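Here the structure comes first, spelled out in structure tokens, and everything after it is commentary.
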Amino acid sequence: MTDALLHTLLGVAVLVALATAVLLVTKADAPWAPALAILRGTAQLAAISLVLAGVITSPPLIALALTVMFTVAVLTSSRRLGSVRQMVVPVAVSMGVGVLVSGVVVFGTGAIELSPRYALAVGGIVIGNAMTIATISGRRFRELVDDRWDDVEGWLAVGATPRQATRHLVRRAVSAALVPTVDQTRTTGLVTLPGAFVGAVFGGVSPIEAGRFQIVVLAAIMATGTCTAVLLTWWSAPVRTRPSTGGR
């Protein structure tokens, strides 16, 4: 175990150093961001591994863990979209609806057994992807409105409602937000081997059973992401003033 840990640390350190060096050489913005992200991710994974070892069979504790994941995801996406105070409710509702609907379908149909272990695995994956899609759709919508503000003002000038004036931009933002998920799903098995599939195989599950689990997860991600992107952009659609495209 000690040797494996040392080799892991060495490999990660070399990869992080490589990424940082390339960014420094090219004088990119925030060259230390990848290294800091890896450090933060390592600390969080270490902490969650210790915690999950004691809660993996406890439904109340699993529910608490998922609640913490969802809360952090909502706050992270809200910050990316500007003001947390203004965006936290739209993001939370949009993500919440998507995650809830997908969860009911996945476990209600028996596609995946409802157990604390599977609830945590599927919930964590779906919440993480919903966060990413919420951020992409929200930012893309604001960018489109800013870029096409003359068109939006034109629609408003001829009597269109704020929602009608941005309807075509909503569609484009939703499509853009779903591109990574669609591409990942289309190329699964040919270009990528998703983490859930690889983890299940490494855990001793047969490749066929791992594939079944993975396709259900991909479908859940797609459904959750679609609901999240549509609801969030619909919520943001009534624009009366040119938006700020800020956000970190």
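Here are the numbers:
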item: Helix-derived mean residue ellipticity, 222 nm - over the chain, DSSP H n ≥ 4, -39500 (n - 2.57), to 500; result: -27500 deg cm²/dmol
item: Debye, to nearest 20: dipole size of the chain, +1 on Lys, Arg Cβ, -1 on Asp, Glu Cβ; result: 580 debye
item: Alpha carbon Rg of the chain, scaled by the compact-globule rule 2.2 N^0.38 Å; result: 1.15
item: Residue order for His168, His7 - accessible surface, 1.4 angstrom probe, largest first; result: His7, His168
item: The chain: relative contact order in percent, alpha carbon pairs under 8 Å with at least 6 residues between; result: 26 percent
item: Kyte-Doolittle at least -1.0, axis length at least 18 Å by Cα - qualifying DSSP helices, the chain; result: 2-25, 33-55, 59-80, 84-108, 116-147, 167-187, 207-236
item: Farthest toward positive dipole pole in the chain [+1 Lys/Arg, -1 Asp/Glu at C-beta], among Ala220, Val174, Pro116; result: Val174
item: Rounded accessible area of Ile133 (nearest 10 Å², 1.4 Å probe); result: 10 Å²
item: Distance histogram for the range 63-129 (every C-alpha pair counted, 5 angstrom bins, percent rounded to whole numbers); result: 3, 18, 26, 23, 14, 9, 5, 2
item: Enclosed volume per residue, in Å³, of the convex hull spanned by Cα atoms of the range 1-99; result: 133 Å³
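The values are calculated or read from the model by the stated rules, or taken from the named source; none is laboratory data. Here the structure is a predicted model, which means the values were calculated and not measured. Cβ: placed from backbone, ideal geometry, glycine included. Neighbour counts: every protein chain shown. Please note that ligands, DNA and RNA were not included when accessible areas were found on the heavy atoms of the full protein model with its side chains. Shrake-Rupley method; radii C 1.70, N 1.55, O 1.52, S 1.80 Å.
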